[in-house]
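Scroll down for the structure; my scribbles are underneath it.
Read-outs: derived from the displayed coordinates by stated rules, not from any lab. What you see is a predicted model, and the numbers here were worked out from it, not measured in a lab. Here Cβ is always computed from backbone atoms with ideal geometry, including for glycine, and neighbour counts include all displayed protein chains.
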């Protein structure tokens, strides 16, 4: 799958999760060295949260971070969405 299709698909799923299912937060994870997936997550609007270790992976030394987490909150999604539509205003929800 090309990055553009992956990004468009990810954005569509994120929008559906927030708009139709009422999610409050979307979280994604991938291996720390999977730069293509990390780029798609960032282009989809998710923000880097941190690294963590996942038991059972032999490619990394024990205890060394081998995964990354990205997330997007409903508040950030709404703010970005409001700012991206013609006539929309940038709103901060409290």
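Quick look at the values:
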read-out: Potential extension, residue 75-residue 4 segment - 0.36 nm per residue separation minus Cα distance; value: 23.1 nm
read-out: Spacing of the two label points (7 Å from each Cα toward its C-beta) at residue 67 and residue 84, in nm; value: 2.6
